[in-house]
Amino acid sequence: MGQSTRRLFVIALAVLSLAGCDKLGGNKGAVTADDMGLGNPNAKVTVIEYASATCPHCARFNNEVFPGFKAKYIDTGRIHYVFREFLTPPPEVAAAAFLTARCAGKDKYFSVLDAVFKGQTAMFQSGDVKGSLLNIAESAGLTEAQFNACISDDAALKALNDRVQRYIDKDGIDSTPTFVINGKKLVGEQTEAMLDKAIADAQSAT
C-alpha cells in the first residue's frame, strides 16, 4: 500500500497487536446500531460471527460453508445473523477492506465482503492489496476518488478500532472466526453440522 495509506493505519497497528486466528473467552454482546446484519432481527436465535478480512479460516468459512448456511437459516428468516469486524494481521489490510465495504453501503456491504474473501488468496499472492481492493470497490459502484477517501477516513478508522477494542474488552474475543449463538461461544471454523446443532440447541432453549 502507498505511503499515505499506511499512515492511516497507525491507529490500527498501535491499538491491536493480535496475532492471527487463534484463542478465545467472553460472552454475548448485545446487537448494536453499528452492527452489520442479515435475516430476521426478530428471530429467536441470533448468530454473531466475529471475523477478519485477512483471516484465511474466515475466508474458507465464507466460501465453503456460508452459502448453504445463508440459504438454510438467513434467507428463510430462521435466524438473525450479525457480522462483527475484527482485525488480524496485517491489520491495515483488514481495516481497508472493512472501510471499503462500509463505504459501499449497507445494501452492498456483504457482497463487497464476499468479494474480499473470495479474492483473499490472489490479493496476497499478487502483493497489490490496494489495486485488488480498488477493483472490488469499483465493482460495487465506488469511484477511485471515493475509494481513496474511504480508506483515508480517520474518523471511520477510529470507529472501527473502537468497535474491535470493545469486542476484545467486553465480549472477550481474541481470535477469528468466533461465533456466538444466543450467548454460546463456538471457537474456530464451524461446519454446517456444527452450526445445525448449536442453532437447534438454542431454539430448544428459547
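Find all pairs meeting these conditions: Cβ atoms under 7 angstrom apart; at least six residues apart or on different chains; first residue within the stretch 181-206 and within 23 Å of residue 59 (Cα to Cα); second residue in a helix (DSSP H, G or I) and of a type in the set (Lys, Arg).
Listed by first residue and then by second, the contacts come to 189/60.
Among helices (runs of 4 or more DSSP H) lying entirely in the stretch 29-107, which contain 2 or more residues that are crowded, with 24+ Cβ neighbours inside 10 Å and not basic (Lys, Arg)?
Where helices (runs of 4 or more DSSP H) fall fully within the stretch 29-107 and carry at least 2 residues being crowded, with 24+ Cβ neighbours inside 10 Å and not basic (Lys, Arg), they are 91-103.
For residue 133, are the conditions met, namely being crowded, with 20+ Cβ neighbours inside 10 Å and farther than 17 Å from residue 91 by Cα?
no
Tally up the residues in the stretch 108-125 that are surrounded by 15 or more Cβ atoms within 10 Å (Cβ to Cβ) and either at pLDDT below 95 or of a type in the set (Lys, Arg) (or both), please.
Number satisfying all stated conditions: 1.
For the stretch 11-23, does any single residue satisfy the condition of being at pLDDT 95 or above and in a loop (DSSP other than H, G, I, E, B)?
no
I need the full set of residues from the stretch 26-69 which are under 12 Å from residue 117 (Cβ atoms) and small (Gly, Ala, Ser), in order please.
Within the stretch 26-69, 51, 52, 53, 59 qualify.
The values are calculated or read from the model by the stated rules, or taken from the named source; none is laboratory data. Being a predicted model, the structure only gives us computed values, none of them experimental. Here the Cβ is made from the backbone with ideal geometry for all residues, glycine too, and neighbour counts use every protein chain on show.
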